[in-house]
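What follows is calculated from the coordinates using simple rules that are stated; it is not laboratory data. All values reported here derive from a predicted model rather than from experimental measurement. A quick note on method: Cβ atoms are made from the backbone with ideal geometry, for glycine too, and the neighbour counts reach across all protein chains shown.
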């Protein structure tokens, strides 16, 4: 226990074993969500009290092992080794006990004592399995607590076991796995060689084992810490026993078989479980895609039929009412003050508020699909297709939700474990045509193209998705050297969702969006408003107009005046702003009929098509940029995306105008 009397706990487990449910049950609303230092991976910490003692619970990233194969695995093991939590709670899925125990086999040799929470006992029973926790506890030599977290069963017993272990009230004698006999002497030889050079606080036996496994991070660490002559001996042994990793893993699997042999009774051979029945359809090459399309179609339908109207209601009754109230309150205030408050502050914050319905729908549906165990099936179904861009199946789901809004698409990339795949997904997500872009296209396409508007609209969507795929391939090839995303697919058993966990997830992520992205949107909205107002209070002579005129030569390559360029620039706050800006710049007073009349004779068909192309591919709105910065924590990657889309949008727009003009001519 720490000097302050605070007991630190680490919650470890594989993905889809119910870690979020257990974490929420223990900590409730006493949670903090951030990022691990120097990483974009989410860090969740929380506190709770028990018997007068305060506990701090740290939710480690979901991992299948503790090898240096991913940032999540490195974070988990480094926290246990360097931070020395008082207890590690290993959460296991009782229905897939053998696979879950592999992580335990790697946790037990580390310094912190382990308490095992055997979750989903009800699912295991439904699958025809019978597990005796007390027998398993005797075999492992560590406390084993059976749980059904979704029904709040076993939580108190788990806390009591943690409290007992932390205060030394129970004997802790874990039975550790051993390497197979073929390489046991080799392991001892390596441990003897590095004995004096292993840095604190790393366990010497664990470091020797990781060297035999070929762990890249530990190998680099020991190479730097060990004298050259000693390292040459170690390196020679490792090179002569490159097959040792088989005996290391084999020793763990032998240990797992011994642990479960007496404690687990399996279903009779040939018995078909509920999960098997459902997966015959969900993972079928054809029907799996059909089911996925139906589910995503339902999410898409909810976004448009429920989310969009709610978004409009918030815009009218919340943002509009606030604007009217502030307008009346500031009626006698200077013009610039009214503009700053109503257009800059209220407009910026209002943009954030109107995204909430879409965010709630996205996080609720994704949380539901994740909690019942379907998300893994959806990723499995789309994996082969997404590999064309160097991604894997999980990237498809947030990208699809980008049709509703790019903000939840970027925030939804959190479901992707690989940092590289997550970053690549975020980079291409703004190219998915969102509802705001489609509003502009829906209004302008009939003005310029009449009865061909529908065909033009579908063509614009197809162009956006084509550019998305091409840029995905290029970014992967250039920035990541064509690296393929490592994808370990675990298909968890289906189970009843925990609505409390889903609701808390929605609350936390929406609140995080309002706090972080909302602040950035407010600042950027005020900056853009100021540029459109000063120095003279007239948009025609504003800094924004001056900047637009600087870009007029680029606009000329697409048949556009500076006014159309400025309309594109103001869409940075919200894509619909381009319509409002056109109304102001073309003297239409924002009335759609007048704007339609003026625009219909302003641009040639080739220029109009180029404008719509640029609008579809242009820099995303400020909310999307804010979300991108929030998720990547990188100014460099955020600026890279903005500049890339700026170049691509104008480049493709110029190409379309020149080709269309040539064909028309």
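Can you give me the distance in nm between label points at residue 600 and residue 321, each placed 7 Å from the Cα along the Cα-to-Cβ direction?
3.8
May I ask for the percentage of alpha-carbon pairs in the range 181-265 that lie more than 14 Å from each other?
In whole percent, the long-distance tail amounts to 64.
Given contacts defined as C-alpha pairs under 8 Å and at least six residues apart, what's the relative contact order of the range 6-166, whole-number percent?
23
Would you mind computing, in nm to one decimal, how far apart the modelled labels at residue 126 and residue 310 are, each placed 7 Å from Cα along Cα→Cβ?
2.7
When the Kirkwood hydrodynamic radius is evaluated over all pairs of different C-alpha atoms of the range 107-164, what value in angstrom, to one decimal, is obtained?
For the range 107-164, the Kirkwood estimate is 12.2 Å.
Normalised radius of gyration for the range 6-166, please: alpha carbon Rg relative to 2.2 N^0.38 Å, two decimal places.
For the range 6-166, the normalised Cα radius of gyration comes out at 0.97.
Taking a ≥ b ≥ c as the square roots of the eigenvalues of the Cα gyration tensor of the range 85-189, is the shape rounded (a/c under 1.5), prolate (a/b larger than b/c) or oblate?
Since a/c reaches 1.5 but b/c is at least a/b, the shape of the range 85-189 is classed as oblate.
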